[in-house]
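Trainee: The structure under discussion is supplied below as structure tokens; questions concerning it will follow.
What follows is calculated from the coordinates using simple rules that are stated; it is not laboratory data. For clarity, every value in this text was computed on a predicted model and none was experimentally measured. FYI the Cβ positions are ideal-geometry reconstructions off the backbone, even for glycines, and counts take in every protein chain you see.
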Amino acid sequence: MSGVCLRHIPSNGSCTIREVRAEGELGHRIRELGLIPGARLSIVGRAPLRDPVAIRVRDYTLTLRNSEADYIFVDVVDGNTIEADRD
Amino acid sequence: MTNLLVGLAGNPNSGKSTLFNALTGARQRVGNFPGVTVARHEGAVCRRDAVINLVDLPGIYSLSAFSEEEVVARHFIMDEKPHLLVDIADATALERSLYLWVQLRELGLRTVLVVNMMDELHRSGRLLDCARLSSLLGIPVVPTVARKETGLTQLLDAVVQAAQGAPPPPLVIAYGPELDWMIEELARKIERNDFLTTFYPARLAAIKYLEEDGPILTQGRREHPQLSAEIEELARQYSLRCRSSFGESSASLITDYRYRYISSILGRGVLSTDSHIRRLNLTDAVDLALTHWLIGPVVMLMVLYATFWLTISLGNAPMGWIESLFGLLGDLGREYVPAGLLQSLLVSGVIDGVGAVLGFVPLIALMFLAVSFLEDSGYMARMAYMLDRLFRMFGLHGYSIMAFIVSGGIGGGCAVPGVMAARNLRSPREKIATVLTAPFMSCGAKMPVFTLLAAAFFPGYVTGTLFWITLASWGFVFVAAKLLRTTIIAGPSTPFLMELPPYRLPTCKGLLLHAWERVWQYVRKAGTLILAVSILLWAAMTYPGLPEQRRQHYDHAAATIRDRNDLSAEEQSAELAALEAGRAEETIRHSSAGRIGQALEPISTLAGFDWRTNIALVGGLAAKEVIVSTLGTAYSLGDIDLENSGMLAQRLAQSPEFTKITAVSLILFSMLYAPCFVTVIAIGREIGIRWALFSVVFNTSFAYLAAVLFYQTATALISLA
């Protein structure tokens, strides 16, 4: 079990990061901003074209594109339902 | 007196610039860090018996040296060896802010930690025990509210005091059973060989090798290629081992452990929640509306339009004053300097040239005030967030929006501040694409050209034509951006990891300093390079003058008209004006610019332009509004007033070689071809002189292609019909 992709977490959903699969610069950037395994995050909202996504992590709001969110796998907290795959 | 060099480091949006402005006030110098366009702000503050030279480093989240800003910060720390670094942390996002501090301390630097925005922290219902944080971190911690200028003297005292003590040993944090032995192994090897130890503590060098840190790899290879290769190989093996045993690379594990260290510190009673205050998050509430899928874009359009409208309507009056001032100077020049070449140089070259450039100053100042406001308030980040998906399809970035709007995306902006507004873009490829295409927009100087042609060839449909022109320029921006991003600046889009900072009211001081700095840069350019080019263009349109015999012919003809008694005074002056206009046409035809125009005719006829249009377009290289006045001269109408080009419109509409198709072709060409000279300079400043030259060649070729394609297709279709 490798968790759920961050892209599929609905707005207002909370989750815990299980794994960040990005390597190189992107992987480094994501982690340096505090998105590391074990970190709690919640989805604040999505841009009008449903991409990028805004998340709340470590007391601040960060936005990232869906293509970047695809590298982040999470465990869902509080039994949020998973949105059907839209793409 | 002791002189202290102190760097100011911190995350973007941590209030770093506000703190720097509060400490140094107007006594700051602005320059550039060597080799890059990142601005360097410096200022001196006196406290006790020390002079503190503060250098404001660009906002960074880490020292990993991927971005230009991070490289700049690293260079400053390694090369200039500051006595101390003041690290500014955002109190409301302390965990993330401390990541940079950990890296600074691992380098063994003296630091003072500023915890800024304490007021916001309290409002959000949290308490921070600064004394406890200070004792746990082992460094001075100063709470501040930079925008209210509280905590500043305490900060300066802490800086002076900390700078005097012995340098602290580098911070050593535990990297767990996975990494610690690897770090020790590598550090031993590094220490034994005395490798890079003058620059980095051995343990840190080992960590950096495990992180595959770019700067240290380069430096190591230079210092000792063989040893460096051995260490790199060892680090690579270790990293592979990490991946196979723990599923993560050594670099990732290092980041994880730094955050674990920070969490453990903050968990020890440093941060607590004050249950008496109800947590109120205004930003989240506002964002529900401002980034809503429907309300968000509507509000954004209104904000963009308001920005544009305010700038233009407020800027118009002072622009008029500057123009009249230079008009007055020109009149004085004509009155007191004897007629002839010197007068012409002074009036047409220097005064008109510099006047045209300085006329933009109020517009630029207002535009920057507005842009700074949007940026410092946090709204700019929301616009980038909402538009990113659309812009990314064309290889641009959400942040490109401001550059396009300011350049004339709604019609009537100016590409000079537009290109400068692209400075907010942190992704290099997207920034180049933005800067190169922003000059396609309908800037205020192109509007008279478009208005003239629309009035001449589409009478009664001028507004509609202008609307379609603006729309077309957006289309061309997207096409050209896509073209550039799939060819010479191809490459994946830069990661869009952007913070949405809380909404904050910008400080007046910050806004004014910001606008002043950019205006001053622009004015300085006007005084030097732009003056030189104005003179050059004047010379091209003046030399070589008419041959002696033609001049005598005109002088003679003028004398004949004056001597005629059968004409009334009005008729006489009308005939004289017609004669002088003819002389002007012949003079310009005979000048270097005229010759260039004629030489270009074989190529330009493919797009439908004759030599007169060519001269006007060459003149437009200086400033686009010159196109109209030069066309006037070339069509022997004498001086054309920009506001009143009706006569020229009539003349163009009647001239047989000028058709509707030619007009559209000319509109296309003047929309797209080489940016005006001042913009080229601005492009050079932002992305380098090579790109500036490239923009001249690329935009002109692009424009030519578009114009020829249109002209030939349209002509062929007409002849078929």
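Trainee: Using only Cα atoms and rounding to the nearest 10 degrees, what angle (0 to 90) does helix B:660-672 make with the longest principal axis of chain B?
Mentor: Orientation of helix B:660-672: about 30 degrees from the principal axis.
Trainee: If you don't mind, another one. Sorted from fewest to most neighbouring beta carbons within 10 Å, what does the list B:Leu85, B:Leu358 look like?
Mentor: Details: B:Leu85 26, B:Leu358 19.
Ranked by crowding around the Cβ, least crowded first: B:Leu358, B:Leu85.
Trainee: Right, next: For the protein assembly as shown, give me the percentage of DSSP beta bridges that are antiparallel, rounded to the nearest 5 percent.
Mentor: 65
Trainee: What ranking of B:Val115, B:Val462, A:Val44 emerges when the number of other C-beta atoms within 10 Å of each C-beta is taken as an exposure proxy, fewest first? Spell out each step's value before the answer.
Mentor: On the way: B:Val115 25, B:Val462 16, A:Val44 20.
With the fewest neighbours first, B:Val115, B:Val462, A:Val44 line up as B:Val462, A:Val44, B:Val115.
Trainee: Rank-order B:501-512, B:565-576, B:540-551, B:117-128 by packing density, defined as the average count of other C-beta atoms within 10 Å over each peptide's residues, highest first.
Mentor: Result, highest mean Cβ count within 10 Å first: B:117-128, B:501-512, B:540-551, B:565-576.
Trainee: Using alpha carbons only, how many angstrom separate the centre of the range B:30-78 from the centre of the range B:108-156?
Mentor: 21
Trainee: So what's the back-of-envelope 222 nm ellipticity for chain B, counting only DSSP H runs of four-plus at -39500 (n - 2.57) apiece and dividing by all residues, rounded to 500? Mind dumping the intermediate values first?
Mentor: Numbers: 33 runs with 453 residues, N = 721.
Calculated at 222 nm, the ellipticity per residue is -20000 deg cm²/dmol.
Trainee: Rank-order A:13-23, B:332-342 by packing density, defined as the average count of other C-beta atoms within 10 Å over each peptide's residues, highest first.
Mentor: A:13-23, B:332-342
Trainee: Per residue of B:88-94, count partner chain C-beta atoms within 10 Å of its C-beta, then hand back the mean as an integer.
Mentor: Numbers: counts 0, 0, 2, 1, 2, 7, 3.
Whole-number average of other-chain Cβ neighbours for B:88-94 is 2.
Trainee: Looking at B:Ala634, B:Phe360, B:Ala623, which one has the Cα that reaches farthest to the positive end of the dipole of the protein assembly as shown (charges on Cβ: Lys, Arg +1; Asp, Glu -1)?
Mentor: It is B:Phe360, whose Cα lies furthest towards the positive end.
Trainee: So, one more: Relative to the Cα centre, what is the charge dipole magnitude of the range B:2-164, using +1 at the beta carbon of each Lys and Arg, -1 at the beta carbon of each Asp and Glu, and rounding to the nearest 20 debye?
Mentor: Using only the charged Cβ atoms, the result is roughly 280 debye.
Trainee: Quick one: which residues, 5 or more positions from A:Thr61 or on another chain, have an amide H under 5 Å from its amide H? H modelled 1.01 Å from N in the peptide plane, none for Pro or chain starts.
Mentor: B:Leu500
Trainee: Classify the range B:216-340 as rounded, prolate or oblate, taking a ≥ b ≥ c as the square roots of the eigenvalues of its Cα gyration tensor: rounded when a/c is under 1.5, otherwise prolate if a/b is larger than b/c and oblate if not.
Mentor: On the way: a/c = 3.51, a/b = 1.62, b/c = 2.17.
Oblate shape, in that a/c is at least 1.5 and b/c is the bigger or equal ratio.
Trainee: Let me know the charge dipole size of the range B:275-434 about its Cα centre in debye, to the nearest 20, where only the beta-carbon of Lys, Arg (+1) and Asp, Glu (-1) is charged.
Mentor: 680
Trainee: Moving to a separate point now. Which shape class, rounded, prolate or oblate, goes with the protein assembly as shown when its Cα gyration tensor gives a ≥ b ≥ c as root eigenvalues, a/c under 1.5 marks rounded, and past that a/b bigger than b/c marks prolate?
Mentor: Prolate.
Trainee: What ranking do B:Thr528, B:Thr150 get, fewest neighbouring Cβ atoms within 10 angstrom at the top? Mind showing how you got there, number by number?
Mentor: Working: B:Thr528 10, B:Thr150 14.
So the residues, fewest neighbours to most, are B:Thr528, B:Thr150.
Trainee: So if I place +1 on the C-beta of Lys and Arg and -1 on the C-beta of Asp and Glu, and nothing else carries charge, what would the dipole magnitude of chain B be about its Cα centre? I want it in debye, nearest 20.
Mentor: Value, rounded to 20: 1220 debye.
Trainee: Another question, if that's okay. Rg and Dmax of chain B, Cα atoms, in Å?
Mentor: Using the Cα atoms of chain B, the pair Rg, Dmax is 31.2, 110 Å.
Trainee: How many percent of Cα pairs in the range A:4-76 exceed 14 Å?
Mentor: Summing the P(r) tail past 14 Å for the range A:4-76 gives 53 percent.
Trainee: Would you work out which of A:Ile72, A:Ile55, A:Gly38 lies farthest towards the positive end of the dipole of chain A? Charges go on Cβ: Lys and Arg +1, Asp and Glu -1.
Mentor: A:Ile55
Trainee: Apply the a/c threshold of 1.5 to the C-alpha gyration tensor of the range B:545-590 and tell me whether it is rounded, prolate or oblate.
Mentor: Verdict is oblate for the range B:545-590.
Trainee: So what's the angle, to the nearest 10 degrees on a 0 to 90 scale, between helix B:447-457 and the longest Cα principal axis of chain B?
Mentor: 40
Trainee: Another question, then. Specify the angular offset, from 0 to 90 degrees and rounded to the nearest 10, of the alpha carbon long axis of helix B:462-486 from the longest principal axis of the alpha carbons in chain B.
Mentor: The angle comes out near 50 degrees.
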